[in-house]
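Shown next, in structure tokens, is the structure this report addresses.
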Amino acid sequence: MKSTDHIAFTIDRLPKGHVFTYADFTSEENKEQAVIKALNRMAASGKITKLTKGKYYKPENTPFGDLKPNQFQVVKDLLENDGKIIGYLTGYSVYNQLGLTTQISNIIQIARNDIRPTLKRERYTIKFVKQKNNITKENIPLLQTLDSIRYVKKIPDSSISSACLRFISILKSYSEKDTATLVRLTQTYPPATRALLGALFDEAGIYLYKEALQKNLNPITNYKILGVQSVLKTAEKWNLL
């Protein structure tokens, strides 16, 4: 099978919206340019679509036009490196996923231990935020929840009170192991995040970890998060105003 036929055959077997590069077709340097030229010809013909320099995807055609790749596909090379997880979607990218808002944003936020400058890919603006905890496949959902609690004031089209009610539902769904991990992870977050998590735990009926959350909180420091007292009965005890 000729190289171009092999590329076409491989692309035909890819799922719609899958993002790929020339490296997915060859690891031999002397063949890179030939593969790139073949992919560019296919992009020009409309068989595939160019996402950004060196990146392509197989479009899904609908009566309303071509569907774009999902956000994970757009940034997956920024989330993994040689099979190792180095980042995860957070912020605007997961508020909808967690049921905190109905809005979909063109801003993709990625949390990593090391961050890099903002960049653009097609219609998306990609921003990076610092995550101090070690990132693993298992703790990503917990980190996404903690990030959302931390930035509760920035959730679009959502009140703080409604977000807190959703957080309570999420926390109740966690196993005891997940809850213990959540408390351990939150130690690297700002005090206001730990205070809000403590009040959310109280409302959810989770009392085992109160001491661990309180131990590093300054008892005379107040945290201004308007709206929490309407749904969290112990907000004042956690100095949430």
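The length gained on full extension between residue 70 and residue 214, counted as 0.36 nm times the residue separation minus their Cα-Cα distance, comes to 47.9 nm. Remark: accessible surface ordering of 123, 41 (largest first) is 41, 123, probe radius 1.4 Å.
Rounded to the nearest 20 debye, the dipole size of the chain about its Cα centre is 500 debye, using +1 on the Cβ of Lys and Arg and -1 on the Cβ of Asp and Glu.
Taking the square roots of 5 times each eigenvalue of the Cα gyration tensor of the range 61-141, largest first, gives ellipsoid semi-axes of 23, 15, 13 Å. Near residue 86, the amide H atoms lying under 5 Å from its own belong to 80, 81; only residues 5 or more places off or on other chains count, and H is placed 1.01 Å from N. The heavy atoms of residue 176 present about 130 square angstrom of accessible area, all protein chains included, probe 1.4 Å. Between the amide H of residue 129 and those of 110, 111, 112, distances stay under 5 Å, these residues lying 5 or more places away or on another chain, with hydrogens modeled in the peptide plane.
Remark: C-alpha extents of the range 162-221 on the principal axes read 31, 26, 18 Å, sorted largest to smallest. Each other residue within a Cβ distance under 13 Å of residue 53 adds +1 if Lys or Arg and -1 if Asp or Glu, for a net charge of +2. Computed with a 1.4 Å probe over protein heavy atoms only, the accessible surface of the range 29-72 comes to 66 Å² per residue.
Quick one: what do you get for the range 136-241 if you divide its Cα Rg by 2.2 N^0.38 Å?
For the range 136-241, the normalised Cα radius of gyration is 0.97.
Over the C-alpha trace of the chain, radius of gyration and Dmax come out as 22.2, 73 angstrom.
Ligands, DNA and RNA left out, the 1.4 Å accessible surface of the chain is 51% carbon and sulfur atoms. Ranking 23, 175, 105 by how far each Cα lies toward the positive end of the dipole of the chain (charges on Cβ) leaves 105 at the top. Converting phi to 3J(HN,Hα) with the Karplus coefficients 6.51, -1.76 and 1.60 and the offset θ = phi - 60°, the range 57-69 yields 8, 8, x, 9, 8, 10, x, 9, x, 6, 7, 7, x Hz in sequence order, with x at every glycine or proline.
The values are calculated or read from the model by the stated rules, or taken from the named source; none is laboratory data. Since this is a predicted model, take the numbers as computed values, not measurements. All Cβ positions, glycine included, derive from the backbone under ideal geometry; neighbour counts span all protein chains shown. Just so you know, the surface numbers come from the protein's heavy atoms only, side chains and all, with ligands and any DNA or RNA stripped out. Shrake-Rupley method; radii C 1.70, N 1.55, O 1.52, S 1.80 Å.
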